[in-house]
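See below for the structure under consideration.
The values are calculated or read from the model by the stated rules, or taken from the named source; none is laboratory data. Fair warning: this is a prediction, and the values are worked out from it, not measured in the lab. Don't worry about glycine lacking a Cβ; one is built from the backbone with ideal geometry, like all the others, and counts go over all protein chains shown. The protein model used for the area step is the full one, side chains on, heavy atoms only, and it has no ligands, DNA or RNA in it. Shrake-Rupley method; radii C 1.70, N 1.55, O 1.52, S 1.80 Å.
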Amino acid sequence: MAVVSHAARSAVQVLPEDAHNARLLAHVHPRDWRNPVPRNPYNLVVVGAGPAGLLAAAGATGLGARVALVERRLMGGDCLNYGCVPIKALVRCATAWADVRDVSRYGVRHSGELHVDFGAIMERLRRLRADLSAHDAVQRFTALGVDVFLGHGRFTGPRALEVEGQTLTFARAVIATGSHAGVPPIPGLAESGSLTNESIFALTERPERLGVIGGGPIGCELAQAFQRLGSQVTLLEADTHLLPREDAEAAAIVYQALCRDGVQVTVGAKIAAVETQGSLKIVRYTDAAGQTGEAVVDTLLVATGRVPNVEGMGLEAAGVMYDRRLGVQVDARLRTTSPRIFAAGDVCSRYQFTHAADALARLVLANALFIGRQKASALTIPWCTYTDPQIAHVGLTAAQAAAAGIAVTTFVQPLHDVDRAVLDGETEGFAKVHVKQGTATIVGATIVARHAGEMIGLYTTLMTHTLGLGALAQVIQPYPTQAEVVRKTGDLYNRTRLTPLVKKLMARWFAWQRGR
Ligand SMILES: Cc1cc2nc3c(=O)[nH]c(=O)nc-3n(C[C@H](O)[C@H](O)[C@H](O)COP(=O)(O)OP(=O)(O)OC[C@H]3O[C@@H](n4cnc5c(N)ncnc54)[C@H](O)[C@@H]3O)c2cc1C
């Protein structure tokens, strides 16, 4: 039995060192873990134990393949440790606080002091993360029959990977090494001690003034959450609107929501430099109008996008071509330029989501282990930004459809016409659907609503099974629910089928009926 080297272990630390994080580490990187003796050759070697790697390893083992899983840091990857899980724990607390803050809108009066206990909120986050980590634990995968190797994986050839001085040989391999936060080359930023998603969840004290560079999903979710929890947040986005990948009207609603919460948002911000003065960081920028400004903060978060993990893993030796910005090069079936090696997840996809990593890994299992011919382009992948309100989206926006030369008809159903949204006091938002002109075929949909992420699946189901928008009108939703907004877009579409000719024929029919 080989022992994981001290170097590998010392690189793995989750702060603060408390009982919750000790429990997390005991699951996702146990200190006393000993790598097994390789059972070469493997049917499948999986490099990286984030959502993509875990799915691939568990799936292949379940099918009876001999599988090795290699992870250099924490099983569960970004999603469990530094991404979806901790951020949603934080967002939940911020939403709870906002509900209490706004409770008088519902006629509820409270007397006495209410305050945010930031330390307790972060402890809850660590506790829940540790709870969920059992699912991704080394012990669970070992029990499934996977050989788990902790350490940095490096290809030494097209059929061999080295980890902690041992060589694993394979018939097939999957690169599932994910991505990390990119830090832009802004003068002074690297020296400023700024945080990324890998360090912000280690905070135990609330920053008084938090600067967030980047108004994408991670920047917006964290900016709103910290502002609601009592920090004064300044959010700087280089694009002309927040959430540049989203429908502009949808993003505008989130912009207004953030401003209402008190976030100081500047779009079109070009950051010139970050200056550190003692414990303060001064972010100097120019806004869209060319005016210079500065944000003085004590904590700075960088959320400017993700960079694929492709460095230092011997991809050249394996014959795998890659781009430092775009990641591992794959064909439609997720095969790399090395015929025995496939890739899945953030490292090769522009859909950098956990559910996308999961779906791509399933596809790789079929294509790598069997004679599968499944194409990633055939997948319909929705996503959601968990601000309040949320934006959920699937398919193309109107602008993307226009760029692709697809003429569309758009149906918009505002939430203020949905009874449940009125009763909930959550009328801000809409469902917007684009269909191919002259047909019912959905090419894209966006929902802005408090629980938009729970509703987008209705459109995704239609798109996946190539059902037209009209089919929605036949799907009965319980009354009153906000999901009725989606059904109503089906009604909107069906109304367009009442052409003048159909109306004329109907008028004749009713006239005839009256006269009988
Ligand atoms: C703050 C934040 C919030 C997010 N919120 C959401 C959300 O709400 N919903 C959603 O769907 N997605 C969300 N995401 C995105 C989601 O976390 C990622 O898309 C997902 O984790 C990608 O999975 P993956 O398996 O491709 O990679 P990762 O999760 O990055 O895992 C890759 C693993 O490979 C390991 N590795 C890298 N190189 C090597 C090597 N050479 N040898 C061995 N191991 C290696 C890494 O240590 C890592 O553990 C969020 C991300 C962040 C950062």
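Observations on the model:
- Charged neighbours of residue 281, selected by a Cβ distance under 15 Å, balance to -3 (K, R count +1; D, E count -1).
- Using a Förster distance of 30 Å, the FRET efficiency for residue 18-residue 400 (Cβ separation, nearest 0.05): 0.10
- Charge tally for residue 89 (other residues, Cβ to Cβ under 13 Å; Lys, Arg +1; Asp, Glu -1): +3.
- Calculated on C-alpha atoms, the gyration radius of segment 391-516 divided by its Kirkwood radius gives an Rg/Rh of 1.06.
- 29 Å Cα-Cα reach of residue 503 towards lysines, excluding residues that sit fewer than 8 places from it in its own chain: 432, 436, 488
- Solvent exposure of segment 69-204 amounts to 43 Å² per residue of accessible area, where only protein heavy atoms count and the probe is 1.4 Å.
- Working ranking of peptides 284-293, 188-197, 108-117 by packing, defined as the average number of other Cβ atoms within 10 Å per residue, highest first, is 188-197, 284-293, 108-117.
- Whole-Å distance, taken between Cα centres, linking segment 42-117 and segment 11-35: 17 Å
- Cα Rg, Dmax, the chain, angstrom units: 25.5, 93
- Computed [θ] at 222 nm, helices only, for the chain once each DSSP H run of length n ≥ 4 contributes -39500 (n - 2.57): -9500 deg cm²/dmol
- The alpha carbon centroids of segment 236-254 and segment 307-328 are separated by 31 Å.
- Sequence-distant lysines (8 or more away, or on other chains) whose Cα lies within less than 23 Å of residue 281: 270
- Computed about the Cα centre, the dipole magnitude for segment 321-408 is approximately 400 debye when only Lys and Arg (+1) and Asp and Glu (-1) carry charge, each at its Cβ.
- Ellipsoid semi-axes for segment 1-135, based on the Cα gyration tensor and the rule √(5λ), read 40, 18, 9 Å when sorted largest first.
- Scattering from segment 48-112 was approximated by placing one identical point on each alpha carbon and applying the Debye formula without solvent; log10 I(q)/I(0) at 0.16, 0.24 1/Å stands at -0.66, -0.96.
- Set of segment 448-470 residues, backbone N closer than 14 Å to the point 7 Å along the Cα-Cβ line of residue 99: 450-451
- Highest-first packing order for the peptide set 74-81, 63-70, 98-105 is 74-81, 63-70, 98-105, based on the mean count of other beta carbon atoms within 10 Å.
- Descending semi-axes in whole angstrom, ellipsoid equivalent of segment 158-294, from the Cα gyration tensor: 34, 20, 16
- Within segment 231-373, the percentage of alpha carbon pairs spaced more than 25 angstrom apart rounds to 50%.
- For the pair segment 263-293 and segment 402-429, the centres of their Cα atoms are 35 angstrom apart.
- Relative packing of 47-53, 361-367, 321-327, which averages over residues the other C-beta atoms within 10 Å, highest first: 47-53, 361-367, 321-327
- Total formal charge among the other residues, if their Cβ is under 10 angstrom from that of residue 35, Lys/Arg +1 and Asp/Glu -1: -1
- Three principal axis extents describe the C-alpha atoms of segment 186-235; from largest down they are 30, 24, 19 Å.
- For segment 443-516, the fraction of C-alpha pairs farther apart than 18 angstrom is 52 percent.
- Summarised as an ellipsoid, segment 51-195 has semi-axes of 41, 21, 12 Å, derived from the eigenvalues of the Cα gyration tensor scaled by 5 and square-rooted, with the largest first.
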